[in-house]
Each structure stands twice: as C-alpha cells, then as structure tokens.
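The values are calculated or read from the model by the stated rules, or taken from the named source; none is laboratory data. Quick caveat, the model's predicted, so the values are computed rather than measured. Please note: Cβ atoms are built from the backbone with ideal geometry, for glycine as well, and neighbour counts cover all protein chains shown.
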Amino acid sequence: MNRRDLLKAVAALAPAALTTTIAGRVWAAPATDAKLLVVFLRGAYDAANVLVPVSSSFYYESRPNLAIAKPDVGNPNAAVALDADWGLHPALRDSLAPLWTSREIAFVPFAGTSDDTTRSHFETQDTIELGQSTKGSRDYRSGFMSRLAAELTRVKPIAFTEQLPLIFRGQAEIPNIALGNVGKPGVDDRQAELIKQMYAKTKLASAVAEGFRVRDEVVKSIADEMTAANRGAVSPRGFELSARRIGRLMREQFNLGFVDVGGWDTHVNQGAATGYLADRLGELGRALAGFREEIGPAAWRDSVVVVISEFGRTFRENGDRGTDHGHGSVYWVLGGGLNGGRIAGEQIKVAQPSLFENRDYPVLTDYRALFAGLVQRMYGLDGAALQRIFVGVRPADLGLV
C-alpha cells in the first residue's frame, strides 16, 4: 500500500475513530474543539428589565418606576430595539447589542424550571444544577454537567468557583479555581466615622449619625440575604475583571466550564435604565464581550455560552421600587457559530392573563430540554446518552447551533 492509499484508508476509518468503547458503553466524542461555558446568575436577575417587552402596555402599567423606555434613538436611556416586541436594556447597548446584529446572541424568554415553583434561591439553584426531576428522591452527588462530561471524550472541564459546585459533582475529579470578589463600598466604616466627626458640632450631627445608622441596618439586611443567595459566587465586577482570564484558559486548556456570578437579588431600589441593576448588567455585558475577545475568533466560532438564573422576578414592581422572587426567566445563548439575532423558543403575549399565578413569567421552555437540545447538536449525542444526562426529558431543538 502506497502513502496515498494509506491516507485514503485512514480517512475512511476516521468516523469510527471518533468513538471509544469503555466497559461496554460507547462514548461519543465532542465536535472538534467545541466549548461550552455556563454562566449562572445567582440571586435571580430581573429578566423583564433585560429583555424588555416593549410592545406590552401591561409592562409599563406594572412598572411605573422601573420600566425601561421604549426604543428611541434620541434617548440613551431607552431600550435598544431588537424586534417589534422586544428591546434590550441600555446598559448592554455597547457590549452585547452588536452581537445581536452579528447574530452571535439569542434570547430564550419564558425559560426556567417547569417543575420547581418554590421561588427559593437554594432549592431552585439545586434543581437546576442537578438537572433531575423534583419528583421523588434526588442524587446530590450527580450534577448535570458532570454527567455531560462523562458522556464525552477529550473533555477538559473546569469550574471557575471557590468550591466545586453541585453542577459538577460526580464520579470524576473536576478542578475548580476561585476568581475572588473585588470592589469596595463607596463609604466604608472609617470614612463614615470621619464624616460624622465633621458634623459633630453642627445642627446636622444627629441627622448624619441617624442616616448612617439606618444605612447600615438596611445594607446589612439586604446583604445577609444576597450573600446567602449568592452562595459565594463572584461579583459582576469580579467577573468583568476575570472574564478575559477565563477566555484564555478556555482557549488554551479547557472546553467545558462553569462560573457563577452573584448580586442579582434586587428587592429594594433596583433602578431602571440607571441604578443598581443597570450597573451590574453593564459589568456582566463587558465581561461577556471581554471573554469573546480574549478567546479569539477561531475558538469563539466553536463556543457556546449560556447565561441562566434560578428564576425570574415578579412582573410587577414592589413598594420598595424593587422586584421579588418570581418564576420564569430569560436565558441568553451566545457563540460565534450561533444562529442568533432572534428570540427563540415558545412565546406568549406579555399581558396579565399570561402571568403565572398572576405574578410571574410562566415557564414555556424547560431548562433541561433547552440544554439537552443544545448538547445534542453540539456533540452529536444520541438519545441514550441524553437520557443518562437528563432522565425522561425530550430535547428542545431551538435551532441555535
């Protein structure tokens, strides 16, 4: 056999070489250099103010203080037009709106946990990370990304977290690396004390002291709940600073990653086009844009990034100009080879009769079905493999990859 005939024979055998049989099971190889990063926004972000239902009069009636203005090219605080029904929060205008134009991002509204309606941060985060039915007993030693990794060859998983998250728990040892939180409060305790001393001998002394006391009580109350909801996740600012490092690591070493980002539990003074939520979204958008840039054009074409949260928030704003725990959310899917620039999945008119229990977005696309459809297309997994990852789930092929 000459060299040319040998090369032809090897090429003919190549498809068979992409699977390996171990212990009687056929293990499917991932598509060449395919990369998946899951970004979990812990604390439940307000999806209705990110993917804004600009054609819904009910949205503007429900949020007199929090609503994002309808698209207006002359108004920098207005939503960025995506289509006739939806707009994007203006904090994402420079970072992610260009990806909509280049069809590298899609949004899946009315997504979440169809069988978990607890509105509990901890229970619903666990539900999503496990990827198991809430009916009956659940195995807390088996997260769905660990099960996915077990179905793939040449897989190199990593968690960009302080501790190994539930989503990656399983039989295999998976590395994790802490990103760390950054940033300082605007006025720390020492500065507050100096300010009180400045006003100590004035008529404003008691008012200043009382102001700082009330601030500390409110901040502590909110911080305690948010810290618990965050479960040690990096802050959006921390993610912004670390995203490029994640991009480099996934370009050079890893192809299956998970990172969690905290700071999304906005019960009080959430803000609208500006304010607390807008600042966090700006940091998140810049982080994702930085990741895309750092991973590079070649790897980005073979990458999929999925941004999720445990649930959405109440559609109507509360009395503290914030939003409370909800149900349905909006998932984001990004990637260089994505069929993006569209709103994907089943949709419904945003109106009062459509709300789940008259308060939240409903769930029309289950998170397990969405992930099952994505990994099926990304890695060519068969039905048996998908059932080992998500038992009893029918994949939802949204045509994103």
Filtering segment 74-133 down to residues that are in a helix (DSSP H, G or I) and of a type in the set (Phe, Trp, Tyr), which residue is farthest from residue 59 (Cα to Cα)? 122
For residue 317, are the conditions met, namely being in contact (Cβ under 8 Å) with a residue 24 or more places away in the chain, charged (D, E, K, R) and part of a helix (DSSP H, G or I)? no
Here is a list: 112, 74, 136. Which entry is among the small types (Gly, Ala, Ser) and surrounded by 20 or more Cβ atoms within 10 Å (Cβ to Cβ)? 112
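To keep it simple, each residue is scored yes or no on (1) touching a residue at least 60 places away in the same chain (Cβ under 8 Å); (2) polar (S, T, N, Q); (3) within 16 Å of residue 313 (Cα to Cα).
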{"position": "45", "(1), (2), (3)": "yes, no, yes"}
{"position": "51", "(1), (2), (3)": "yes, no, yes"}
{"position": "79", "(1), (2), (3)": "no, no, no"}
{"position": "142", "(1), (2), (3)": "no, yes, no"}
Determine which single condition residue 368 fails, assuming it passes every other condition in (1) under 16 Å from the mean Cα position of the chain (by Cα); (2) at pLDDT 95 or above; (3) assigned to a loop (DSSP other than H, G, I, E, B); (4) not β-branched (Val, Ile, Thr). (3)
In segment 252-264, how many are more than 19 Å from residue 162 (Cβ to Cβ) and at pLDDT below 95? 2
Can residue 160 be described as touching a strand residue (DSSP E or B) at 6+ places or on another chain (Cβ under 7 Å), in contact (Cβ under 8 Å) with a residue 24 or more places away in the chain and closer than 23 Å to residue 243 by Cα? yes
Listed residues 119, 138, 63, 103; which is out of contact with any strand residue (DSSP E or B) (no Cβ under 7 Å at 6 or more places or on another chain) and on the phi > 0 side of the Ramachandran plot? 103
Here the residues within segment 47-72 that are part of a helix (DSSP H, G or I) and hydrophobic (A, V, I, L, M, F, W, C) are 47, 48, 58
Residue that is surrounded by 24 or more Cβ atoms within 10 Å (Cβ to Cβ), part of a helix (DSSP H, G or I) and of a type in the set (D, E, K, R), where the choices are 244, 280: 280
Expected single match for modelled with pLDDT under 95 and not charged (D, E, K, R) among 363, 401, 391, 375 is 401
Can you find a residue that is part of a strand (DSSP E or B), in contact (Cβ under 8 Å) with a residue 60 or more places away in the chain, surrounded by fewer than 21 Cβ atoms within 10 Å (Cβ to Cβ) and not hydrophobic (A, V, I, L, M, F, W, C) anywhere in segment 331-345? yes
Which residue out of 125, 132 is over 30 Å from residue 273 (Cα atoms) and touching a residue at least 24 places away in the same chain (Cβ under 8 Å)? 132
Would you mention how many residues in segment 378-401 are surrounded by 18 or more Cβ atoms within 10 Å (Cβ to Cβ) and in a helix (DSSP H, G or I)? 5
